[in-house]
Amino acid sequence: MLHGTASAEQENQSRELKRGQLSLFKEVLMTRIAPLDPQTTSGQAKHLFDGVQGKLGAVPNLIRVLGNAPAALKGYLSFSAALADGGFSPKVREQLALTVAETNQCAYCLSAHSFLGGKLGLTQQELADARKATAVDQRTEAILKLAQGIVARRGVLESTELKQARQAGLTDGEIVEAIAHVALNIFSNYINHVAGTVIDFPEVSLSNECASSSCACD
C-alpha cells in the first residue's frame, strides 16, 4: 500500500512538473519575438498597421510581430492582396489556409482562419473538413489535397498527385495559384512558430492526429 501511494504521488508530481514545464515553455514562446504596439509604433510599420486597422478594425498579433520588419510585413500584405485578386473565392482561400495550418500544426493560423472562414459563411462541418483537406465540392477538395501534399512533402509531389489535380479539373494556372497560397500560408505559419505569436482569435485546438502522410511536423 505504501509503495502504491508513493507511486501515485510521484505520478502526480510528474504531471505537475510537466504542466509547469509546458506553462514555462508557452511563456517563453510568447516572448520570443515581441509584437509591436500600434499606438507607439512609427514610420513604415505604423503606416502599414493603419492600413490593416482600416480594413479589419484591429491589428492582429501576427501583423504586429511582422511589423518588426516592415519590409516583410509589406511583402506579406502585398502578396496577400495580389492573391485576393486571383481565381480562388474567399471561402476557398480560407479552406486552403486551414488545410495548411493543420498540416503545419499552426494553432494561431488555425484559430484565425476558422474565425475568418466562419465570418464568410463556412459551416462548422466545412471548417472541420478543410482541416483534413476534404470538401463536398470536388474542385475545392482537389485544391486542398494539392495544398496538403505540397506542405507535407515540401513541394516534392508525385506525378500522380498532379494528374489527380488535373483530373479534378484544375488548370496549370490554378495549380500555380494553389502553390502561391501555400507559400503565403507557410510564411505566416513559420512566423508564428518562431515568434510564439499569442492567439488573439477564438482559440481552436489542433488535432491530436499527426500522420506522417499529412503532417509536416517531422
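Residues in segment 37-56 that are surrounded by fewer than 16 Cβ atoms within 10 Å (Cβ to Cβ) and part of a loop (DSSP other than H, G, I, E, B): Asp37, Gln39, Thr40, Ser42. Kindly indicate whether any position in segment 73-82 is of a type in the set (Phe, Trp, Tyr) and closer than 20 Å to Thr140 by Cα. Scanning segment 73-82, I find no residue that is of a type in the set (Phe, Trp, Tyr) and closer than 20 Å to Thr140 by Cα, so the answer is no.
Residues in segment 122-134 that are farther than 15 Å from His181 by Cβ and either touching a helix residue (DSSP H, G or I) at 6+ places or on another chain (Cβ under 7 Å) or among the acidic types (Asp, Glu) (or both): Leu122, Glu126, Leu127, Asp129, Arg131, Thr134.
Name the single residue that is surrounded by the most Cβ atoms within 10 Å (Cβ to Cβ) among those in segment 57-77 being more than 18 Å from the chain's Cα centre (by Cα) and assigned to a helix (DSSP H, G or I). Applying the filter and picking the extreme gives Pro70.
Scan segment 186-203 for residues that are among the aliphatic types (A, V, I, L, M) and assigned to a helix (DSSP H, G or I) and the total you get is 4.
Entry remark, segment 50-84: residues being touching a His at 6+ places or on another chain (Cβ under 9 Å) and farther than 26 Å from Arg32 by Cα number 1 in total.
Scanning segment 106-129 for residues that are surrounded by 24 or more Cβ atoms within 10 Å (Cβ to Cβ) and in contact with a Lys or Arg (Cβ under 8 Å, 6 or more places away or on another chain) yields one hit, Leu110. Here is the figure for segment 130-185: residues that are in a loop (DSSP other than H, G, I, E, B), surrounded by 15 or more Cβ atoms within 10 Å (Cβ to Cβ) and either in contact (Cβ under 8 Å) with a residue 24 or more places away in the chain or not polar (S, T, N, Q) (or both) total 6.
For (1) free of Cβ contacts under 8 Å to residues at least 60 places away in the same chain; (2) of a type in the set (A, V, I, L, M), each residue gets a yes or a no:
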position	(1), (2)
Pro35	no, no
Gln39	yes, no
Ala71	yes, yes
Gly75	yes, no
Phe79	no, no
Val100	no, yes
Cys106	no, no
Ser111	no, no
Leu127	yes, yes
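Coordinate-derived values only; no laboratory data. This is a predicted model, so every value here is computed, not measured. No Cβ is skipped: glycine too gets one built from the backbone with ideal geometry, and neighbour counts run over all protein chains shown.
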